[in-house]
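**Q** If you scroll down you'll find the structure; I have some questions about it.
The values are calculated or read from the model by the stated rules, or taken from the named source; none is laboratory data. Given the structure is predicted, the values throughout are model-derived calculations rather than measurements. Positions of Cβ are generated from backbone atoms using ideal geometry, with glycine treated the same way; all protein chains shown enter the neighbour counts. The accessibility values were calculated without ligands, DNA or RNA, using every heavy atom of the protein model including side chains. Shrake-Rupley method; radii C 1.70, N 1.55, O 1.52, S 1.80 Å.
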Amino acid sequence: MEPIRVCFVCLGNICRSPTAEAAFRHLVESEGLAARFVIDSAGTGSWHVGERAHPDTRAAAKARGVEVTSIARQFTAEDFDRFDYVVAMDHQNVRNLRRLPGGAERTIHLFRDFDPGSPAGSEVPDPYYEGGFDAVFDICRAAAAGMLARLRDTHGL
Ligand code: 4NP
């Protein structure tokens, strides 16, 4: 069976989307569904391409038993064809994605909209300037749980 392909997207691909990717993958693996998914992340910006995730991002995840292994890359228009679900962390990410070729026609999901405990339109706050890496992990973990529950429903997993 074809895997379900998921790409989490933020601005720099060193804080939020690597956290989302790692939290979602951890959950998928813990539920024995690893073979059913391809899970990736990317940034709309190129500043940090080739870098590991922010040290505080990795530390917040590791403290909760989750490894963040991503290497930053920039999202390209071709990624719209490569992924079934493009999942943005905030409204700016959605706008940036819509400006790419083919982006206006794509469904772009807002990550926290999968979390039944978050008001519609909620964003994952950017910790790069303001901090709050631990809170970002917990937000991403809750959204990942809601997303997997939704995908289990949608895809009969
Ligand atoms: P992220 O955080 O989008 O969650 O990876 C940021 C990382 C870097 C920058 C902005 C946000 N930056 O401007 O370099």
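**Q** HN-Hα J couplings of segment 67-77 from phi, Karplus 6.51/-1.76/1.60, θ = phi - 60°, integer Hz, Gly and Pro as x?
**A** 8, 9, 10, 5, 10, 4, 9, 9, 5, 10, 4
**Q** How do Tyr128, Tyr85 rank by accessible surface area computed with a 1.4 Å probe, from largest to smallest?
**A** On the way: Tyr128 90, Tyr85 30 Å².
Of Tyr128, Tyr85, the descending order of accessible area is Tyr128, Tyr85.
**Q** A further question follows. Using alpha carbons only, what's the Rg to Rh ratio of segment 4-95 with Rh from Kirkwood?
**A** Values: Rg = 12.5 Å, Rh = 13.1 Å.
In segment 4-95, Rg relative to Rh is 0.96.
**Q** Between Thr76 and Lys62, what length in nm is gained on full extension when 0.36 nm per residue of separation is reduced by their alpha carbon distance?
**A** Residue separation times 0.36 nm, minus the Cα-Cα distance, leaves 2.1 nm.
**Q** Near Glu123, within a Cβ-to-Cβ distance under 14 Å, what is the net charge of the other residues, with Lys and Arg +1 and Asp and Glu -1? Write down the numbers at each step before the final one.
**A** On the way: positive: Arg16, Arg95, Arg112; negative: Asp90, Asp113, Asp115, Asp126, Glu130.
Charge balance near Glu123 sits at -2.
**Q** Scattering from the C-alpha atoms of the chain alone, worked out with Debye: what is log10 I(q)/I(0) at q = 0.15, 0.17 1/Å?
**A** -0.71, -0.94
**Q** What net charge do the residues around Asp79 carry, taking every other residue with its C-beta under 12 Å from that of Asp79, with Lys and Arg at +1 and Asp and Glu at -1? Mind showing how you got there, number by number?
**A** On the way: positive: Arg5, Arg73, Arg82, Arg106; negative: Asp40, Glu78, Asp81, Asp84.
Net local charge, Asp79 excluded: 0.
**Q** Please list, in chain and number order, the residues 5+ apart from Ser70 or on another chain whose amide H is under 5 Å from its amide H, with Hs placed from the backbone.
**A** Amide H neighbours of Ser70: Ala53.
**Q** Would you calculate a helix-derived [θ] at 222 nm for the chain, using -39,500 (n - 2.57) for each DSSP H run of n ≥ 4 and dividing by the full residue count, to the nearest 500? Walk me through the numbers before you get to the answer.
**A** Working: 6 runs with 62 residues, N = 157.
Per the formula, -11500 deg cm²/dmol.
**Q** Tell me, in nm to one decimal, what length is gained between Ser122 and Arg152 on full extension, where the rule is 0.36 nm per residue of separation less the Cα-Cα distance? Spell out each step's value before the answer.
**A** Values: separation 30, 0.36 × 30 = 10.80 nm, distance 2.23 nm.
Gain in length upon complete extension: 8.6 nm.
**Q** As a test of reading the structure, rank Met147, Met1 by solvent-accessible area (1.4 Å probe, protein chains only), most first. Kindly include the intermediate steps, with their values, before the conclusion.
**A** Working: Met147 0, Met1 190 Å².
If we order Met147, Met1 from most to least accessible, we get Met1, Met147.
**Q** Let me ask something else about it. Tell me, what is the 1.4 Å probe accessible area of Cys15, in Å² to the nearest 10?
**A** 10 Å²
**Q** Can you give me the distance in nm between label points at Thr107 and Val38, each placed 7 Å from the Cα along the Cα-to-Cβ direction?
**A** So the label points at Thr107 and Val38 sit 1.9 nm apart.
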